[in-house]
Amino acid sequence: MKIIVAIKQVPERDAQVRINAAGKWIEEVDLQYALNESDAYALEEALQLKEKHGGEVTVVSAGPERVGQTIREALAKGADRAIYVASNDLGSRDALGVARLLAAAIQPENPDLILTGLQSEDLGLGQTGVILAEVLGLPHASLILHVEKTETGLTVKRELEEGWFQTIELPTPAVLTIQSGGNKLRYATLMGIKRAKIKEVRQVTASDLGVDVPPVVLMEGVTMPHKQKSTQMLGGSPKEAAAALVEKLKFEVRVL
Amino acid sequence: MIAILPTLAEPQSFSLSEKLLFAALAMASVYSFWNLFGRILNKILQSKKDSSFRLFPITKRIWDFFWEVLCQAKVVRERPLPGLAHAFVFWAFCAFALVTLNHCAVAFGIGFLNPAGEFARLYFYVAAAFAFACAAGILGLFVRRFLVRPKWLGEQLSYQSGVIALLIFVLMATYLAAFFVTDAGPDARILWWVHTLTLLTFLPLIPHTKHLHLVLSPATVFLSRGGFAQIPPLAGDEDFGLVAGADLTQLVSLQAYYCVECGRCTEHCPAANTGKLLNPKEIILGVRAYLNNLGPASDQPLLGKYNSQEAVFQCTTCGACEFQCPVGIEHVPILVGLRRGAVNTGAWEDEHGGKLFLALERGSNALGLSPAERDKFIEKQALPIFDGTQEYCLWLGCMGGYDPKGREIVTAFARVMKFLGTSYGVLRKEKCTGDPVRRLGNDLLFQQLAEANLETLAQNKVKKIVTICPHCVRTIQEDWKEYGAPPQVEHHSEFMARYVDKLPKQPSEEKVVFHDPCYLGRYRNVYDEPRKVAALAGDLVEAPRNKERSFCCGAGGGLAFLGEEDGERVSHKRAAELVATGAQTIAAACPFCNTMFRDALAATGESAPQLLDIAQLTARGLPE
């Protein structure tokens with residue numbers, strides 16, 4: 001099985017983000033980066049499929065030079081080779097632009113399966129994978145927790161709301177966007193990192209790929225979330241207060 | 001005076017056939033000894049070189065050799081009675097070197113100790129005294145092994161040891177008996193032959209049994225890796241720890257062969273004492289069996305048939321085994337080496353371990369919490385931020401920064417520092433020192449954490465660190481060295497002990513028992529300082545196992561993060577010992593011990609003593 005995993009490098013979850021001077025994105029200086037979480041699960045699913053059925057796992061990632069570190073991490077965890085789409089202006093592209101870039105890099109590979117994370121931890125659009133499928137003209141399914149190869153194609157488990165799941169069948173090639181939590185992630189090992197040094201990373205640019213489309217969606221600005229505290233004191237006897245609390249948890253917060 | 005006492009009888013002349021027979025038997029004995037011993041020596045020499053081994057400074061080696069081998073200090077100190085019996089046997093063997101050489105030379109008429117001469121007579125008497133003590137000693141050891149049967153010697157009786165004991169006894173008895181016969185009679189000749197045959201039987205048995213330590217352990221005490229529980233750096237791009245035979249270094253192979261199987265390591269092991277699979281003696285013997293069957297060039301995995309992965313990951317790295325070992329086996333580097341082999345190649349799969357690694361790959365602390373939690377704590381306690389002007393950087397560590405109980409310790413210690421007028425600050429950003437992943441064998445993650453922290457400390461121009469966590473102290477001072485020069489670091493017990501005269505003594509008759517944390521005691525040799533501090537709060541009492549023999553809380557070696565243990569919990573066993581001292585207060589000096597005992601004491605019920613860190617005990621006496 002020939003599998004491509006599209007991965008994205010995002011600011012580390014613990015990073016303390018500040019808005020940059022232009023007010024249109026976060027300040028990137030001093031930020032630590034990591035592999036997007038659901039992409040890590042997409043990679044894990046790909047590696048497990050390869051371990052079961054053989055084949056090859058190739059990661060593809062676009063971005064500035066720092067992306068190289070995340071690519072090496074993916075190679076260390078077991079991907080066979082990588083395609084690095086060098087691009088310093090990724091921020092000015094919309095989801096369609098990024099999907100077109102990735103599609104152009106993936107197309108010549110003729111993969112059986114393309115996996116990517118459900119959404120990124122920074123922008124959280126959840127669109128790139130789905131648009132990628134459209135651009136490539138392939139069937140797709142989103143929110144996937146588990147993939148199984150069958151005689152004719154794939155059987156996948158989708159997550160629905162409120163603990164419901166859906167099992168669907170797809171032909172290959174196909175694009176799947178993977179939900180976090182379906183597998184146990186493997187840890188990076190010293191041997192993996194050492195072995196990754198000799199694995200192939202092919203570098204391409206947007207102009208090599210012949211993709212140059214102006215964005216249709218423009219980022220107007222980003223703002224920090226407003227902190228607000230609204231404490232309500234529930235009065236009365238303990239019994240009345242408890243009843244009022246249950247009422248609120250049930251109908252206002254809707255957690256019960 | 002000497003002249004009227006009998007002297008050693010020896011046969012006056014030997015016939016040619018006797019000479020030939022003796023020469024042939026001696027050659028066969030030596031050949032038989034060398035046949036196996038040479039093969040063992042080859043296996044050791046063919047093992048990988050220890051690239052980090054340095055012979056110098058040699059003075060400590062000479063001292064260790066004198067103290068531990070010649071004086072038998074450790075053998076006697078840690079097990080006084082059997083230790084003394086062993087020492088007598090050892091000293092007798094030393095004294096007998098000359099006697100035995102002369103004994104053999106006599107057969108060819110070239111004996112150099114004349115039993116009638118003054119020096120030889122005196123020497124023979126001294127040797128006789130040793131022989132007497134040795135015979136008594138070996139008899140005692142025989143009784144211990146075959147009648148008393150302490151369980152640490154193993155379930156199976158070692159008949160080899162019985163045979164060896166018998167041979168040693170016969171050697172001594174025949175030597176002593178020769179004082180009571182005359183040269184001329186046949187008795188002297190019979191005694192000579194019995195002594196000789198015993199000797200020639202004994203020699204080839206040495207490499208076949210644990211008595212190999214007679215030959216090897218003096219060398220190995222001298223050639224120890226140095227330091228305590230020192231984890232050697234990996235050598236080159238293809239070294240992932242102890243994966244297969246080819247990774248065994250000469251020191252590891254040497255240690256595997258000279259284990260005397262005394263079981264002291266197992267007797268003191270917290271895992272072995274709470275019904276777990278791990279038995280440190282068996283780990284060493286597993287490596288020996290591997291070397292015997294597969295040799296040092298094999299690519300068969302070390303974990304599997306000969307040693308169990310499960311057992312290796314039950315070690316708390318408390319170091320009790322290594323501390324106790326009378327022949328200088330370094331168990332901790334071997335156990336951690338086997339873990340490295342499993343983790344660095346991805347062979348170890350463990351739900352909790354994987355979670356810990358991922359938490360530290362993606363985040364900053366072993367507890368897997370957001371650093372914002374640490375920020376909130378710093379803000380709430382108004383801890384000053386380190387800006388280069390203060391004397392100390394107060395290192396919080398994962399427990400001090402994120403664990404509720406650890407935070408109480410930090411807060412108390414901050415009060416003590418404030419009271420003493422010491423300037424300090426905490427870092428805005430801090431990552432786990434890497435202690436749990438270092439001990440679990442994840443070198444990649446450890447390197448990343450060490451390098452990131454070293455960079456932060458350099459940027460902040462930190463010169464001196466003080467911390468409440470002995471694991472942080474050890475890791476910063478010893479383990480980070482591989483990746484840079486760490487700042488000076490000390491444990492808060494050492495800091496407070498320096499100012500003990502300025503800290504208020506609490507007028508209290510409270511009985512306080514201090515629990516020695518492994519990483520402060522055995523790892524750092526700090527025993528008196530925390531006691532001085534704890535004594536401010538009341539009257540100190542001691543647990544039966546204390547100082548060097550302190551029993552682990554169960555948290556070390558990354559085990560605090562590996563979930564529920566098999567068998568009895570180590571922390572419960574230790575907590576019960578501390579409770580049994582009748583103390584009203586248990587004084588701890590490590591946030592990991594603290595958290596382990598907190599859970600263990602909660603299980604003992606209402607009457608449990610209170611549990612406080614020495615910083616909390618000290619802060620209690622400070623004016624509000």
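The values are calculated or read from the model by the stated rules, or taken from the named source; none is laboratory data. Predicted, not measured: the structure shown is a model, and the values here were computed from it. Every residue, glycine as well, gets a Cβ built from its backbone with ideal geometry; the counts of neighbours run over all protein chains shown. The protein model used for the area step is the full one, side chains on, heavy atoms only, and it has no ligands, DNA or RNA in it. Shrake-Rupley method; radii C 1.70, N 1.55, O 1.52, S 1.80 Å.
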Any hit, segment A:168-180, residues being hydroxyl-bearing (Ser, Thr, Tyr), open to solvent by less than 60 Å² (accessible area, probe 1.4 Å) and within 14 Å of chain B (Cβ to nearest Cβ): yes
Starting from residues that are under 15 Å from A:Gly63 (Cα atoms) and not in a loop (DSSP other than H, G, I, E, B), keep the ones in segment A:16-38 and report whichever is nearest to the other protein chains (Cβ to nearest Cβ). A:Ala34
In segment B:320-378, which residues are more than 13 Å from chain A (Cβ to nearest Cβ) and part of a loop (DSSP other than H, G, I, E, B)? B:Cys325, B:Pro326, B:Val327, B:Gly328, B:Ile329, B:Glu330, B:Ala366
Tally of residues being among the polar types (S, T, N, Q), open to solvent by 30 Å² or more (accessible area, probe 1.4 Å), in contact with a helix residue (DSSP H, G or I) (Cβ under 7 Å, 6 or more places away or on another chain) and farther than 28 Å from B:Asp247 by Cβ across segment B:345-403: 1
So, first residue more than 7 Å from chain B (Cβ to nearest Cβ) in segment A:184-199, second residue open to solvent by less than 30 Å² (accessible area, probe 1.4 Å) and modelled with pLDDT of 90 or more, Cβ within less than 6 Å, six or more apart or across chains; the pairs are A:Ala196/A:Leu75; A:Ala196/A:Ala76; A:Lys199/A:Leu75
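Residues that are closer than 22 Å to B:Tyr175 by Cα, at least 3 per element: which helices (runs of 4 or more DSSP H) completely within segment B:1-80 meet that? Spell out the reasoning first.
Details: elements: B:16-46, B:58-64, B:73-78.
Of the helices (runs of 4 or more DSSP H) lying wholly inside segment B:1-80, those with at least 3 residues that are closer than 22 Å to B:Tyr175 by Cα span B:16-46.
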Going residue by residue through segment A:150-158, is there one that turns out to be charged (D, E, K, R), more than 14 Å from chain B (Cβ to nearest Cβ) and either assigned to a strand (DSSP E or B) or in contact with a Phe, Trp or Tyr (Cβ under 6 Å, 6 or more places away or on another chain) (or both)? yes
State whether the residues of segment B:266-286 include one that is within 14 Å of another protein chain (Cβ to nearest Cβ) and either assigned to a helix (DSSP H, G or I) or farther than 18 Å from B:Cys315 by Cβ (or both). no
Selection from segment B:442-469 of residues that are within 29 Å of B:Asp613 (Cα to Cα) and within 14 Å of chain A (Cβ to nearest Cβ): B:Phe446, B:Leu449, B:Ala450, B:Asn453, B:Thr456
A:Thr205 - would you say it is away from chain B (no Cβ under 14 Å), modelled with pLDDT of 95 or more and touching a strand residue (DSSP E or B) at 6+ places or on another chain (Cβ under 8 Å)? no
